[in-house]
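The values are calculated or read from the model by the stated rules, or taken from the named source; none is laboratory data. Treat the numbers as computed from the prediction; the structure is a model and nothing was measured. As a convention, Cβ positions derive from the backbone with ideal geometry for all residues, glycine included, and neighbour counts pool all protein chains shown. Remember, those area values only see protein heavy atoms, side chains included, never the ligands or the DNA or RNA. Shrake-Rupley method; radii C 1.70, N 1.55, O 1.52, S 1.80 Å.
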Amino acid sequence: MEAASMDYFCEQVQQKDVGRRMQVGQELLEYLGDPARSPDVEQDQQRLDKVIDELTAWVNSSNFKVRL
């Protein structure tokens, strides 16, 4: 995995592969759960908004594992 950043997650949340979405979802939870690893979250509001928009599409996904 490359160094996690909002740039990385912005790109990765657009993946269509269910397995990859599951992996990225877990990575994102870990990233956001550790403020020391995610200092750029508050500094890059535009990227954060884009990630949230993509995650909203996940919630509407027909795959129940992705929705969870």
_Take Arg37 and Asn60, extend 7 Å from each Cα along the Cα→Cβ direction, and tell me the distance between the two endpoints in nm._
3.0 nm
_List Val59, Val24, ordered by accessible area with a 1.4 Å probe, largest first_ = Val59, Val24
*asked:* If I fit a long axis through the Cα atoms of helix 18-33 and take the longest principal axis of the Cα atoms of the chain, what angle between them do I get, 0 to 90°, rounded to 10?
replied: 30 degrees
_In Å², and per residue, what accessible area does the chain have when probed at 1.4 Å with the other protein chains present?_
69 Å²
*Would you compute, from DSSP H runs of 4+ residues alone, the mean residue ellipticity of the chain at 222 nm, taking -39500 (n - 2.57) per run and dividing by the full residue count, rounded to the nearest 500?*
-18500 deg cm²/dmol
*asked:* Leaving out ligands, DNA and RNA, and with a 1.4 Å probe, what % of the accessible surface on the chain is carbon or sulfur?
replied: 49 percent
*Could you list, bin by bin from short to long, the percent of Cα-Cα pairs of the chain in 5 Å steps?*
3, 18, 30, 26, 15, 7, 1
*How far, in nm, would the chain grow between Glu27 and Gln14 when pulled straight, counting 0.36 nm per residue and subtracting the alpha carbon separation?*
3.3 nm
*Mind pulling the angle between the C-alpha long axis of helix 45-59 and the longest principal axis of the chain? Nearest 10 degrees, somewhere in 0 to 90.*
20 degrees
